[in-house]
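Structure, as structure tokens:
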Amino acid sequence: MAEDVAVPANSAGPGGSSSRAGRNLPLAIGVGLAMGAVILLSLLTVRQTWIIIVAVCAAIGIWEVFGALNRAAGIRLSRVPVLLGGQAMIWLSWPFGSEGILGALVVTVLGCFIWRMRLGAAGFVRDVGASMLVLVWIPMGMAFGAMLVVPSDGTARVLTFLIIVVCSDTGGYAAGVLFGRHPMAPKVSPKKSWEGLAGSMVLGATGASLCVALLLDAPWWYGLVLGPVLVVAAVIGDLVESLVKRDLGIKDMGQTIPGHGGLMERLDSLVTSAPVAWLLLFVLLPYAT
């Protein structure tokens, strides 16, 4: 998601179209709003279409990361098993829950071993390890995001999850730009600041409390637990992707979305916070499985 920044106000690009984060902010906002409108429309009409959106985004995210790993590091990944297994994890999570995710994960791991064997021993550990990383990082996390929509109040659960992550992103960006002075993780993401994290916490907890009370009809103070925990999970996701890109020596995973870079630049916080959101909401507001 968007990174916190604290840079001089005159750092806009030519024509003033770039934000202080170094991207075309109006275009990024427009694309983000369009994506949000599609998601909202799907949730308010046939909520199960959320699973289709998750499955498509997972496939694109996997393809972007595989491409980046191959181009930058020459890693030979098990594309077919991970793409197919990732889809199986997401779709089996709907009728079979976490058991479906685990079963698909185990079969996909075996598939990755078999797929990579045909290329011989050289680089086997590196290549299979990278495939496992992508498998657990993207489709497994997103499968739990798909499970959010399963219960009868699934629309409210998904919206709560998304709103909290967006609030975290927005609060972190705004506070980082306005007040960011103290780097949080300079060796990982120099633009991240402690002031930005504080902004994420405040807006994330506020958004969570409102969503829990208004959408889920639960005690508002649940949001004081849900919000900060999801903010931490979202920030970890952002930092993980930053580390991967820094290790590979690239700026973006891809160029799928105008104004945003690759789709993974939008998914980084979501894939790590989705399992946490599902678990916390299940504990706080259990439903029949």
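Hey, what number do you get for the chain at 222 nm if only DSSP H runs of n ≥ 4 count, each worth -39500 (n - 2.57), divided across all residues, to the nearest 500? Don't skip to the answer; put the middle values down first.
Values: 9 runs with 199 residues, N = 289.
That comes out to -24000 deg cm²/dmol.
Using packing as a proxy for protection, rank 132-141, 73-82, 30-39, 225-234 so that the peptide with the highest average count of other Cβ atoms within 10 Å comes first. Intermediate values should be presented prior to the final figure.
Values: 132-141: 22.1, 73-82: 18.8, 30-39: 13.4, 225-234: 23.8.
In decreasing order of mean packing, 132-141, 73-82, 30-39, 225-234 become 225-234, 132-141, 73-82, 30-39.
Report the gain in length on full extension from residue 217 to residue 113: 0.36 nm times residue separation, minus Cα-Cα distance, nm rounded to one decimal.
Details: separation 104, 0.36 × 104 = 37.44 nm, distance 4.66 nm.
This chain segment gains 32.8 nm when fully extended.
Name the residues whose placed amide hydrogens come within less than 5 Å of the amide hydrogen of residue 193, ignoring near sequence neighbours (fewer than 5 apart) on the same chain.
Correct list: 4, 184.
Provide the descending list of Cα extents for region 152-289 along its principal axes, expressed in whole angstroms.
Computed over region 152-289, the largest-to-smallest principal extents equal 46, 31, 24 Å.
Which helices, taking whole DSSP H runs in the chain, have alpha carbons extending 24 angstrom or more along the helix axis plus mean Kyte-Doolittle at least 0.5?
Values: long enough: 25-45 (30 Å, 2.24); 49-73 (36 Å, 1.61); 79-117 (32 Å, 1.18); 154-179 (37 Å, 1.42); 194-214 (30 Å, 1.28); 222-248 (39 Å, 1.35); 264-284 (30 Å, 1.30).
Length and hydropathy pass: 25-45, 49-73, 79-117, 154-179, 194-214, 222-248, 264-284.
Across the Cα atoms of the chain, what radius of gyration and what greatest pairwise Cα-Cα distance (Dmax) are found, in Å?
In order Rg, Dmax, the Cα atoms of the chain give 19.1, 57 Å.
Where does the Debye-calculated log10 I(q)/I(0) of region 48-148 sit at q = 0.14 Å⁻¹, using only Cα point scatterers of equal weight, no solvent?
The Debye formula, applied to the Cα set alone, gives -0.48.
Taking the highest mean first, how do the peptides 278-287, 151-160 order by number of other beta carbon atoms within 10 angstrom per residue? Don't skip to the answer; put the middle values down first.
Numbers: 278-287: 16.1, 151-160: 20.8.
Order by mean packing, descending: 151-160, 278-287.
Since every read-out is calculated from the coordinates, none of them should be taken as a lab result. Model, not experiment: these values are computed from the prediction. Please note: Cβ atoms are built from the backbone with ideal geometry, for glycine as well, and neighbour counts cover all protein chains shown.
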